[in-house]
Amino acid sequence: MPPAVHCFLPIEDANARLLILGSMPGRESLRAGQYYAHPRNAFWRIMGELSGSNTDTRYESRIQILKSAGIAVWDVLASCTRHSSLDADIRSIQSNNFEDFFLSHPHITHVFFNGMMAEKCYKNNVLPFISHDALHYLRLPSTSPAHAAMSYDQKLAHWRAALQTRELPAQT
């Protein structure tokens, strides 16, 4: 059995209005100690288009840009085992504590899943055990390079439609 991997602390701010959830960081992200660190993952490129936190910006600055835009980022899973970075390899899961997270982030109204596995893990392992009825959920196309069924422009269009309608500050 492969060793357990663990998620990062959330990117969070007490005034966050949106939460973006992945499943679990991949090998490259775990190695770098940064969310979405794989160079072909489109997350930071998309966030750059929507909030100014792109791959050319230092990681710490990207985090601050997301926080100031009211965006929190976390993973559904606190830990799991897997042989590779593929979500399909995820086994032996333990979910993060969302009950406490939502209590300490009362302004969050929308939860966006970065791909199908994040949504599936949340709906199966978190949603039945939390008492927050007022949240709106939406699965967005995975920004992972493994999700090649959509082009970057198609992914960006979905993410833009979801996030910009939630009053993100416009970038000039």
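Give the residues of region 39-69 that are within 21 Å of E28 (Cβ to Cβ), in a helix (DSSP H, G or I) and open to solvent by 60 Å² or more (accessible area, probe 1.4 Å), sorted by residue number. Give the derivation first.
Quick first cut of region 39-69, residues within 21 Å of E28 (Cβ to Cβ) only: 39-48, 53-63, 66.
Those left that are additionally in a helix (DSSP H, G or I): 43-48, 59-63, 66.
The answer is R45, E60.
Of the residues making up region 114-154, those that are under 11 Å from S23 (Cα atoms), open to solvent by 80 Å² or more (accessible area, probe 1.4 Å) and not charged (D, E, K, R) number 1.
Of the residues that make up region 72-95, is at least one loosely packed, with under 15 Cβ neighbours inside 10 Å and at pLDDT 95 or above? Within region 72-95, none of the residues are loosely packed, with under 15 Cβ neighbours inside 10 Å and at pLDDT 95 or above.
Counting the residues of region 1-38 that are open to solvent by 70 Å² or more (accessible area, probe 1.4 Å), at pLDDT 95 or above and assigned to a helix (DSSP H, G or I) gives 0.
Of the residues that sit in region 1-54 and are more than 23 Å from H107 (Cα to Cα) and among the hydroxyl-bearing types (S, T, Y), which one is farthest from the chain's Cα centre (by Cα)? Selected residue: S29.
Tell me yes or no: at least one residue of region 99-111 is modelled with pLDDT of 95 or more and closer than 15 Å to G22 by Cβ. The answer is yes; a qualifying residue exists.
The values are calculated or read from the model by the stated rules, or taken from the named source; none is laboratory data. Just so it is clear, the structure is predicted and the values come from calculations on it, not from any experiment. In this analysis, Cβ positions are derived from the backbone assuming ideal geometry, glycine residues included, and neighbour counts consider all displayed protein chains. Heads up: the accessible areas ignore ligands, DNA and RNA and are worked out on the full protein's heavy atoms, side chains in. Shrake-Rupley method; radii C 1.70, N 1.55, O 1.52, S 1.80 Å.
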